[in-house]
Amino acid sequence: MLSVHYKQMAKELYRSPAIKLPTLDEFSQISRELNLGCTNEELEAFIDDFSDTASVMQRVSELVEPQLPVKCTRTPGYRPEPKDNPYNAWYWRCDIQSGKKGKLAGKTVGIKDNIAVAGVPMMNGSKLLEGYTPEFDATVVTRILDEGGHIVGKTACEDFCCDGGSFTCSTGPIRNPHDESRSAGGSSSGSAALVSANLIDVAVGGDQGGSIRTPASYCGIVGLKPTYGLVPYTGACSIDPTIDHLGPMARTVHDCALLLEVLAGYDEGRDSRQPRDLKIPEYTSLLESGISGKRLGLLKEGFDLCSDQDVANLVMTSAKQLSDVSAVVEEISVPLHLDGDPIMCAVGLQGSSNCMLKGAGSGFSKGFYASSMQEAMTRGLQARPYDMSSTCKMMYIAGEYLNQKYGNKFYTKGHNLNLVLTKAYDEALKQYDVLILPTITCKPEKLPLEGCSTTELLQRGMKMMSNTSPFDITGHPALSINAGFIDGLPIGMMIVGRHFDETTVLQVARSFEILRDKN
């Protein structure tokens, strides 16, 4: 019930109403949609009661909400012309730096366009957000600037980050620097292409199914999906709060570790994904410790899932080289890995439909919510939902069908099964320090041609993630590093570690990097 205090305030002064009071017809229609069978007498009583709700919402709308800090002055920048946009990998160019002499001093940084940078336009790859400019910096952006990083632009990404093929971005396909007829991987496609082409030093990517590791594999760089909650997601577009990750992308393991040092750490309660007792090692100082005596498990099922056998063979051969530095390299089986992608799909499909689309980016968790981003998303969904990619439309329709016919049955069962999946990996990681498997199950594919079928688009965008997606739902750290080349195309090797043991993952990656570069 509404307190006397708020009722009195509502009577004192005229205020522009935050909420339009409902009509009987509007409540009656909602009753029919929800199959509640309300009578007119009930609905009229509900409308009377709603006036109290409207007064509460009026007060909430008038209270000033907290904002994320914006520490550096900047200009909006510009959208680059095609001739100045290699691989179509930039969404926006800007020039933001603090002048501080921190860990990233002298490093140029790209920010994936699902992450807010104050005063710089943001689309998240989608026409639905066209025209939106956030007024705040995401926490990772503030941390980069505080450590002297030079942010030079927003990197292009897939439409709402919901694709692995690098062809659904509303500003056009992102091309692979190793072969411009092929996919750069997604959804952090622009970040990977620009790092790979040596046009920026490091970049921040996002990963909810493989979106850091897929483009890292396709473009031949290092990309790390950290442990769930290690890096704050504050100020980035959410797909589903239970699978959201941000992480570093770089050409070398050292630079990946360096950027992780800057990004990681507790965000003062703004992000409920994070534990409070986070302790961040100085990863770069531990890289050269070597891996003598470490036990490395070659995940059998991860190799079995490869549709291109030469990919499996290359990664297997590359991983076995680590025995040359006194590591123990053995095969291990985790049969449930074969069901990891279906388990992730049960969560990701309804999660993305309900949070990212139906909820306009709002999940049900505590912390900071970017109100302006959510409102811009709502406007876009109301004004031009037809402008979404086929992948997003499919996820929205399929997710809503499951909602209407089965409620949250598969979403909740997916999370319950994730407890079993997580335990299966944890048991394997009691025997081995890391697990190794191919990042992607196939070589980088050709970009689709104009006029191709929707079926082909859906297959091209999703089929490569069966090895990456399980670790988004379990939250284990997983890094992709280039294992070598097949027909001039990069092939990624994925190293998976225990929760919050990025140190060992990076050490194994660094040891392999040294071996690889000697050959």
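The values are calculated or read from the model by the stated rules, or taken from the named source; none is laboratory data. Everything quoted here is computed from the prediction, not taken from an experiment. Note that we place each Cβ from the backbone using ideal geometry, even for glycine, and neighbour counts take in every protein chain shown.
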Of (1) of a type in the set (D, E, K, R); (2) touching a Cys at 6+ places or on another chain (Cβ under 8 Å); (3) within 15 Å of G492 (Cβ to Cβ), R213 satisfies every one except (2)
Checked D277, D271 against criteria (surrounded by fewer than 21 Cβ atoms within 10 Å (Cβ to Cβ) and more than 18 Å from D433 (Cβ to Cβ)); the one match is D277
Within the range 146-156, the count of residues that are under 16 Å from the mean Cα position of the chain (by Cα) and assigned to a loop (DSSP other than H, G, I, E, B) comes to 1
With criteria (1) more than 29 Å from M394 (Cα to Cα); (2) among the hydroxyl-bearing types (S, T, Y); (3) in contact with a Cys (Cβ under 6 Å, 6 or more places away or on another chain), T503 comes up short on (3)
In the set D244, D277, D255, the lone residue that is out of contact with any His (no Cβ under 8 Å at 6 or more places or on another chain) and more than 29 Å from P490 (Cβ to Cβ) is D277
Exception for L449 within (1) of a type in the set (A, V, I, L, M); (2) touching a residue at least 40 places away in the same chain (Cβ under 8 Å); (3) farther than 14 Å from G185 by Cα falls at (2)
So the helices (runs of 4 or more DSSP H) completely within the range 229-331 holding 2 or more residues that are free of Cβ contacts under 8 Å to residues at least 40 places away in the same chain and either closer than 21 Å to L145 by Cα or in the same structural domain as N124 (by TED's automatic domain parsing) (or both) are 283-286, 300-304, 309-320
Could you tell me whether any residue of the range 129-145 is within 21 Å of R379 (Cβ to Cβ) and part of a strand (DSSP E or B)?
no
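When the range 72-99 is examined, which residues are found to be assigned to a loop (DSSP other than H, G, I, E, B) and either within 23 Å of the chain's Cα centre (by Cα) or at pLDDT 95 or above (or both)?
First, the residues of the range 72-99 that are assigned to a loop (DSSP other than H, G, I, E, B): 72-77, 79-81, 85, 89, 97-99.
Correct list: G77, R79, P80, E81, N85, A89, Q97, S98.
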Exactly one of D163, D159, D113 is under 15 Å from the mean Cα position of the chain (by Cα) and modelled with pLDDT under 95, and that one is D163
Practice problem: Report whether or not N198 is in contact with a strand residue (DSSP E or B) (Cβ under 6 Å, 6 or more places away or on another chain) and either surrounded by fewer than 24 Cβ atoms within 10 Å (Cβ to Cβ) or farther than 22 Å from M344 by Cβ (or both). | Solution: no
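Please go through the range 134-149 and give me each residue that is touching a helix residue (DSSP H, G or I) at 6+ places or on another chain (Cβ under 9 Å) and not aromatic (F, W, Y), ordered by number. Working first, answer last.
Within the range 134-149, the first condition is being touching a helix residue (DSSP H, G or I) at 6+ places or on another chain (Cβ under 9 Å), and the residues that meet it are 134-137, 139-140, 143-144, 146-147, 149.
Result: P134, E135, D137, T139, V140, R143, I144, D146, E147, G149.
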Conditions (1) touching a helix residue (DSSP H, G or I) at 6+ places or on another chain (Cβ under 7 Å); (2) surrounded by 18 or more Cβ atoms within 10 Å (Cβ to Cβ); (3) not charged (D, E, K, R); (4) not assigned by TED's automatic domain parsing to the domain that holds G223 -> G77 fails only (1)
Conditions (1) touching a Pro at 6+ places or on another chain (Cβ under 7 Å); (2) at pLDDT 95 or above -> P438 fails only (1)
message: Can you find a residue that is in contact with a strand residue (DSSP E or B) (Cβ under 9 Å, 6 or more places away or on another chain) and acidic (D, E) anywhere in the range 446-464?
response: no
For S352, are the conditions met, namely being in a loop (DSSP other than H, G, I, E, B) and in contact (Cβ under 8 Å) with a residue 12 or more places away in the chain? no
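Do you know which of the residues in the range 85-101 that are touching a Leu at 6+ places or on another chain (Cβ under 9 Å) and surrounded by fewer than 22 Cβ atoms within 10 Å (Cβ to Cβ) is nearest to L447 (Cα to Cα)? Quick ask: steps written out before the conclusion?
Taking the range 85-101 as the starting set, the residues that turn out to be touching a Leu at 6+ places or on another chain (Cβ under 9 Å) are 86-87, 89-90, 96-98, 100.
With the extra rule that they be surrounded by fewer than 22 Cβ atoms within 10 Å (Cβ to Cβ), the set shrinks to 86, 97-98, 100.
Values: P86: 16, Q97: 35, S98: 39, K100: 41 Å.
Among residues in the range 85-101 that are touching a Leu at 6+ places or on another chain (Cβ under 9 Å) and surrounded by fewer than 22 Cβ atoms within 10 Å (Cβ to Cβ), the one nearest to L447 (Cα to Cα) is P86.
To keep it simple, each residue is scored yes or no on (1) within 25 Å of E65 (Cβ to Cβ); (2) of a type in the set (V, I, T); (3) crowded, with 17+ Cβ neighbours inside 10 Å; (4) not assigned by TED's automatic domain parsing to the domain that holds C157.
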residue: M344; (1), (2), (3), (4): no, no, yes, no
residue: A370; (1), (2), (3), (4): yes, no, yes, no
residue: C392; (1), (2), (3), (4): no, no, yes, no
residue: A398; (1), (2), (3), (4): no, no, no, no
residue: H415; (1), (2), (3), (4): no, no, no, no
residue: N418; (1), (2), (3), (4): no, no, yes, no
residue: A424; (1), (2), (3), (4): no, no, yes, no
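Being farther than 17 Å from T474 by Cα, modelled with pLDDT of 95 or more and acidic (D, E) is the requirement here; does D271 meet it? Explain how you work it out, then say what you get.
On the way: farther than 17 Å from T474 by Cα: yes; modelled with pLDDT of 95 or more: yes; acidic (D, E): yes.
The answer is yes for D271.
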Of all helices (runs of 4 or more DSSP H) fully inside the range 453-519, the set with 1 or more residues that are under 21 Å from H245 (Cβ atoms) and of a type in the set (V, I, T) is 470-474, 502-518
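Quick one: in the range 355-376, which of the residues that are in a helix (DSSP H, G or I) and among the charged types (D, E, K, R) is farthest from N403 (Cα to Cα)?
First, pick out the residues of the range 355-376 that are in a helix (DSSP H, G or I): 355-358, 371-376.
Among the residues that remain, those that are also among the charged types (D, E, K, R) are: 358, 375.
Details: K358: 11, E375: 23 Å.
This residue is E375.
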Scanning the range 174-192 residue by residue, those in a loop (DSSP other than H, G, I, E, B) and either surrounded by 20 or more Cβ atoms within 10 Å (Cβ to Cβ) or small (G, A, S) (or both) turn out to be I174, P177, A184, G185, G186, S187, S188
Scanning the range 90-125 residue by residue, those free of Cβ contacts under 8 Å to residues at least 60 places away in the same chain and hydroxyl-bearing (S, T, Y) turn out to be S98
Within the range 219-255, the residues that are more than 17 Å from the chain's Cα centre (by Cα) and not charged (D, E, K, R) are C219, G220, I221, T252, V253, H254
